[in-house]
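K.L.:
The structure is given below, and queries will be raised subsequently.
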Amino acid sequence: MTAPALGCIADDYTGGTDVAAALRRSGLSTALLFGPPDDESVLPDCDAVVVALKTRTAPRAQAISQHLAVHRWLAGQGVTRFYIKYCSTFDSTARGNIGPTVDAVMEAADAAITVICPAAPEHGRTVYQGHLFVGTRLLSDSPMRHHPLTPMTESDVARLLAPQTPHPVGLVPHAVIRQGPAAVRGELGALRRQGIRHVVVDALDDDDLDMIALAADDLPVLTGAAGLARAIGDLISADGGVGRTGETPPFPEGPGLVLSGSCSAATLRQVARAAAALPSHRIDPVTTPDPHMLRKNALEWLDAHVRAGKGSALVYSSAPPGERDGRALGDGTGEALERILADVARHAAALGFRRIVVAGGETSGAVLNVLGVRSVVVAAEVDRGVPWCLTTTEPAMALLLKSGNFGADDLLVRAIKAAP
Ligand SMILES: Nc1ncnc2c1ncn2[C@@H]1O[C@H](COP(=O)(O)OP(=O)(O)OP(=O)(O)O)[C@@H](O)[C@H]1O
Ligand SMILES: O=C(O)[C@@H](O)C(=O)CO
């Protein structure tokens, strides 16, 4: 078996599905594994492999050790090119994990320099003069400033990264990107000679990402959102480094369950549409500040829903800033809500639900961990960056893990009502 041409490490589960979907779109058969691989983890025959972790807001030491464990495992499988996937809105805090995990993997892979490329133009994330935009607004003016775990109140990517790494951060501005791969390669070389290890790269569209991918083709470690990964995937495809297609498991029948813990602006619109179309139950820690009661109420509601034979359903804690209190359940309110939704998922699986849609990266991580899902085959996308994931072990399940800000307003309704 030839080693996969690319090994990705994603810092959350929806980010993992996003980058896996991008590589699949480039024509690469892509395996997606959840959690650090262990002795029993098997690498399927594939062109690219993505290992999704739940380290975006994890303690720093844990995030580093998990990234290093995945790097070691991938290197042991013969992978020589690595991609570290973080959020296109650079979700992290000053004490965040992007810098430390990138530094650790670079050191392990003996990489002297890498690019920092959060741009994802198809989702409206662009970088100009080192500043990250969400649509027409700076990141710090976007709804991401209200994120419950990683409020983004700065848009200069170098300033976001600086407190997370001891190394200086450089920039390749758009004017150089537009001159093409040779100019970008020359600039990266000049920055490397100045001792710079992290280089933010401007990118406004897919052409810019193609330039960056060509210019950085010889670097062992690249980092960014799914946009640059797509450009690298296209290069691998064009080089003929593809063709190891695995079988796609069948899509399970039956009613579906939407679980939403994301409070992102897109999710809130999608949840409103889903709540109008499906029987729904809201988990509200402000009105019921007791995790045991919230859990009990949700499980009992689902039992009654199934007994009444009402089909697909929605259970959510998603709420706009005005209806949220990040300390409603004390320290760790977010994690407590993730655990409740994960318990609902476990209960739903026991009740026979085989299609589960989860909105939110942290929430998806919690759900997949309790379901014990360790690997999936990436199948068709419902919307850009939101593919169905089919389990390869029993019980056969279809999972749709939706990044907070992805998808059209009716995505949840479409996903749950129509199997592909
Ligand atoms: N009503 C609420 N009040 C406070 N926190 C909440 C509420 N509902 C959900 N949360 C927490 O907000 C966090 C949302 O993070 P999550 O990663 O799941 O979504 P997201 O950030 O929108 O998605 P992504 O990371 O894919 O962009 C979770 O920890 C969740 O438990
Ligand atoms: O890059 C993105 O925006 C997403 O894949 C993501 O990381 C959501 O958590």
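K.L.:
Extending each Cα 7 Å along its Cβ direction at E107 and R269, get the distance between those two points in nm, one decimal.
P.N.:
For the pair E107/R269, the computed spacing is 4.3 nm.
K.L.:
If you don't mind, there's one more thing I want to ask. Which whole-Hz couplings ³J(HN,Hα) result when phi for each residue of the range 388-396 is put into the Karplus expression 6.51 cos²θ - 1.76 cosθ + 1.60, θ = phi - 60°, listed in order with x for Gly and Pro?
P.N.:
Coupling constants for the range 388-396: 5, 10, 10, 6, 9, 10, 6, x, 5 Hz.
K.L.:
Helix 181-193 against the longest principal axis of the chain: what's the angle in degrees, Cα atoms only, rounded to the nearest 10?
P.N.:
80 degrees
K.L.:
Then there's this: I need the calculated FRET efficiency for the pair L214 and D39, taking r as the beta carbon distance and R₀ as 41 Å, to the nearest 0.05.
P.N.:
0.60
K.L.:
Report the label-to-label distance for Q179 and A238 in nanometres (one decimal), using points 7 Å from each Cα along the Cα→Cβ vector.
P.N.:
Output for this residue pair reads 2.1 nm.
K.L.:
Right, next: Nearest 5 percent is fine: what portion of the DSSP beta bridges confined to the chain is antiparallel?
P.N.:
So the antiparallel bridges amount to about 30 percent of the total.
K.L.:
Would you please classify the overall shape of the range 1-146 from the alpha carbon gyration tensor, given that a ≥ b ≥ c denote the square roots of the eigenvalues, rounded means a/c under 1.5, and beyond that prolate means a/b larger than b/c while oblate covers the rest?
P.N.:
Because a/c hits 1.5 or more and a/b exceeds b/c, the range 1-146 counts as prolate.
K.L.:
Could you give the distance between the Cα centres of the range 239-314 and the range 351-383, to the whole Å?
P.N.:
10 Å
K.L.:
A follow-up question, please. Under 20 Å from a point placed 7 Å out from the Cα of T287 along the Cα-to-Cβ direction: which residues of the range 326-345 have their backbone N that close?
P.N.:
Correct set: 326-330, 334, 337-338, 340-341, 344.
K.L.:
Next question. With a 1.4 Å probe and all protein chains left in place, how much of the accessible area of the range 314-385 comes from carbon and sulfur atoms, in whole percent?
P.N.:
Carbon and sulfur together cover 47 percent of it.
K.L.:
With θ set to phi - 60° and the Karplus curve 6.51 cos²θ - 1.76 cosθ + 1.60, what are the ³J(HN,Hα) couplings of the range 132-137 in order, to the nearest whole Hz, using x for Gly and Pro?
P.N.:
So the Karplus estimates, Gly and Pro as x, are 8, 10, 10, x, 8, 10 Hz.
K.L.:
Given the protein chains as shown and a 1.4 Å probe, how many square angstrom of T14 are accessible, to the nearest 10?
P.N.:
0 Å²
K.L.:
Continuing with this model, one more query. Only Cα pairs under 8 Å and at least 6 apart count here; give the relative contact order of the chain as a rounded whole percent.
P.N.:
19 percent
K.L.:
Would you mind checking which residues have amide H under 5 Å from V51's amide H? H placed 1.01 Å from N; only 5 or more apart, or other chain.
P.N.:
Placed amide hydrogens put C8, I9, A10, L33 under 5 Å from V51.
K.L.:
Right, here's the next one. Averaged per residue, what accessible surface does the range 284-371 expose to a 1.4 Å probe, in Å²? All intermediate terms of the calculation are to be shown ahead of the outcome.
P.N.:
Values: 3770 Å² over 88 residues.
The answer is 43 Å² per residue.
K.L.:
Can you give the % of DSSP beta bridges in the range 303-409 that are antiparallel, to the nearest 5?
P.N.:
60 percent
K.L.:
Run through the DSSP bridge list for the range 1-154 and note the antiparallel percent, rounded to the nearest 5.
P.N.:
Just about 35 percent of them are antiparallel.
K.L.:
Distance in nm between label sites at T165 and A396, each 7 Å beyond Cα in the beta-carbon direction?
P.N.:
It is 4.4 nm.
K.L.:
Something else about it: Scan the range 233-315 for trypsin sites (Lys or Arg not before Pro) in coil per DSSP, keeping those whose Cβ has at most 13 other Cβ atoms within 10 Å, and list them by number.
P.N.:
Within the range 233-315, the qualifying trypsin sites (Lys or Arg not before Pro) (loop, at most 13 other Cβ atoms within 10 Å) are K310.
K.L.:
Between E122 and R346, what is the FRET efficiency for a Förster distance of 41 Å, r being their Cβ-Cβ separation, to the nearest 0.05?
P.N.:
0.75
K.L.:
Taking amide H atoms as placed 1.01 Å from N in the peptide plane, list the residues 5 or more away in sequence, or in a different chain, whose amide H sits under 5 Å from that of L278.
P.N.:
none
K.L.:
Still on this model: Can you give me the long-range amide H partners of T223? Hydrogens built in the peptide plane at 1.01 Å from N, cutoff under 5 Å, separation of 5 or more residues or another chain.
P.N.:
Answer set, sorted by chain and number: I84, V115, C117.
K.L.:
Shifting gears a bit: Please go through the residue pairs K296/K417; K310/K402; K85/K310 and name each one whose alpha carbons sit more than 29 Å apart in this structure.
P.N.:
K85/K310
K.L.:
Let me ask you something else. Can you bin every Cα-Cα distance in the chain into 20 Å intervals starting at zero and give me the percent of pairs per bin, rounded to whole numbers?
P.N.:
In whole percents, the pair-distance histogram is 29, 58, 13, 0.
K.L.:
So, one more: Any idea what the relative contact order of the range 293-369 is, in percent, if you count C-alpha pairs under 8 Å spaced at least 6 apart? Present the calculation step by step, with values, prior to reporting the outcome.
P.N.:
Numbers: 36 pairs, mean separation 26.1, N = 77.
Relative contact order, the range 293-369: 34 percent.
K.L.:
So, one more: Rounded, prolate or oblate: pick one for the range 263-420, where a ≥ b ≥ c are the square roots of the eigenvalues of its C-alpha gyration tensor, a/c under 1.5 means rounded, and failing that, prolate if a/b is larger than b/c, else oblate. Spell out each step's value before the answer.
P.N.:
On the way: a/c = 1.44, a/b = 1.27, b/c = 1.13.
Because its axes are fairly even, with a/c under 1.5, the range 263-420 counts as rounded.
K.L.:
Mind checking the full-extension length gain between H146 and A75? Use 0.36 nm per residue of separation minus the Cα-Cα distance, one decimal, nm.
P.N.:
Gain in length upon complete extension: 21.7 nm.
K.L.:
Still on this structure, please answer the following. What aspartates and glutamates could a cross-link reach from K54, if we take a straight Cα to Cα line under 15 Å and drop same-chain neighbours fewer than 8 places away?
P.N.:
D11, D12, D18, D91, E335, E338, E362
The values are calculated or read from the model by the stated rules, or taken from the named source; none is laboratory data. Quick caveat: nothing in here was measured; it's all calculated off a predicted structure. Positions of Cβ are generated from backbone atoms using ideal geometry, with glycine treated the same way; all protein chains shown enter the neighbour counts. Accessible surface is based on the protein model in full, side chains and every heavy atom, while ligands, DNA and RNA are left aside. Shrake-Rupley method; radii C 1.70, N 1.55, O 1.52, S 1.80 Å.
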